[in-house]
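See below for the structure under consideration.
Derivation of every value follows stated rules applied to the coordinates shown; laboratory data play no part. Values in this document were obtained by computation on a predicted structure and should not be read as measured data. Cβ atoms come from the backbone with ideal geometry, glycine included; neighbour counts cover every protein chain shown.
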Amino acid sequence: MNLRALQYLVTLADVRHFSKAAERCHVSQPTLSTQIRKLEEELDVLLVERSPRQVMLTEVGEDVVRRARALLGEVDAIRSIARRSRDPHSGTLRMGIFPTLAPYFLPHVVPAIRKAFPRLTLRLFEEKTEDVLAMLAQGRLDAGLLALPVEGDSLDTRILFEEPFVLAVPEGHALCSADSVNLSDLENQELLLLEDGHCLREQALEVCQLSGAHEQLDFHATSMETLRQMVAAGTGITLMPVLAVKPPVAHTENLVTRPFKAPGPKRTIALVWRKSSAVAGFLEELADVLREIDPELLEP
């Protein structure tokens, strides 16, 4: 079976367009189409439903693509083993990270990664937690930076740090008067939250349950920055991870943050990878570098 044909099929499944898939694979459209047809002939099944306006996979095609992703991931792992046998710190590392951590954590650690592993090519994928886990399972990622807990007996986890949450309120809000707040101060308060699919939403809902607060039902934000601006506009209050309010993040006018009195709410950030990963030893080293974030950045 031709691995290149499998790669063409997986790419077609991703973009659902023959021309775009060919462009992404750096081949002509007839070449890509011919290889996929040969794969269908070899398997004696129809993998792709072709129409002038759209491309759909058959049920069998979906199953083949799912297994092909895993197979191609293992092929990449084999190549990584070979590269790292010559130079353990070279090659490409594909790492997923969720959106409410990526822009606030990466600026502090990427320079350290480059210094520790100058020959490493780091490819970052900013996706929601469930998508990072799916990509890990499919072999499309080598590791993920996630907030615990995560489900999966096939995963190895290394805790990096605990990140406290702070309360973000507009200037003039009653909770601005104290230097710090208790969870009980949130009783009967309405919190602005992210939409479904964000792990920060689930963490904030847990705080609501503990404190007697509830979510503001007429608004769900799509990003941390939307939450920040809605609070600054006086629309409501929210929880923010402390890295999201530390430099290089710019100060937001009319937004005030207050730490929680201990023990306040926090999230645990970890590096996660498949137990079967060919680069597990290197990921242990990477975890050590990621743990070296300045402790002052984690002080609310």
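Over the stretch 162-266, the ratio between the Cα radius of gyration and 2.2 N^0.38 Å evaluates to 0.96. Largest mean-square fluctuation among P259, P118, P52, in a Gaussian network model of the chain whose springs join Cα atoms under 10 Å apart, belongs to P52.
Antiparallel beta bridges, as assigned by DSSP with both residues in the stretch 1-157, represent about 25 percent of the total such bridges. Dividing the summed -39500 (n - 2.57) terms of all DSSP H runs of n ≥ 4 by the residue count of the chain sets its mean residue ellipticity at 222 nm at -13000 deg cm²/dmol. Annotation: amide H-H contacts under 5 Å for L160 (H modelled 1.01 Å from N, sequence separation of 5 or more, or interchain): I269, A270, L271.
Under the criterion of Cα pairs below 8 Å and six or more residues apart, the relative contact order for the chain equals 21 percent.
Taking 1.306 mPa s as the viscosity and 10 °C as the temperature, the Stokes-Einstein diffusion coefficient of the chain based on its alpha-carbon Kirkwood radius rounds to 73 µm²/s.
Here the Karplus curve 6.51 cos²θ - 1.76 cosθ + 1.60, taken at θ = phi - 60°, turns the phi angles of the stretch 155-167 into couplings of 10, 9, 10, 10, 5, 9, 6, 10, 10, x, 9, 10, 8 Hz, with x standing for Gly and Pro. Rounded to the nearest 5, what is the percent of antiparallel bridges among the DSSP beta bridges in the chain? If we restrict to bridges inside the chain, about 60 percent are antiparallel. Between the Cα long axis of helix 59-86 and the first principal axis of the chain there is an angle of about 80°, rounded to the nearest 10. Here r is the Cβ-Cβ distance between V45 and T268 and R0 is 30 Å; the resulting FRET efficiency, rounded to 0.05, is 0.10.
Among the GluC sites (Glu not before Pro) found in the stretch 212-279, those both in a DSSP coil and sparsely packed, with 12 or fewer other Cβ atoms within 10 Å of their Cβ, are E253. Using a simple spin-label model with pseudo-atoms 7 Å out from Cα toward Cβ, D196 and S177 lie 4.0 nm apart. Less than 5 angstrom separates the built amide H of V48 from those of T58, all sequence-distant by 5 or more or on a different chain.
Pairs with C-alpha atoms separated by more than 32 Å, drawn from the list K115/K275; K128/K246; K246/K275; K115/K266; K115/K246; K128/K275, are K246/K275. Taking amide hydrogens as placed 1.01 Å from N in the peptide plane, the amide H of L93 sits under 5 Å from those of T121, L122, R123, each at least 5 positions away in sequence or on another chain.
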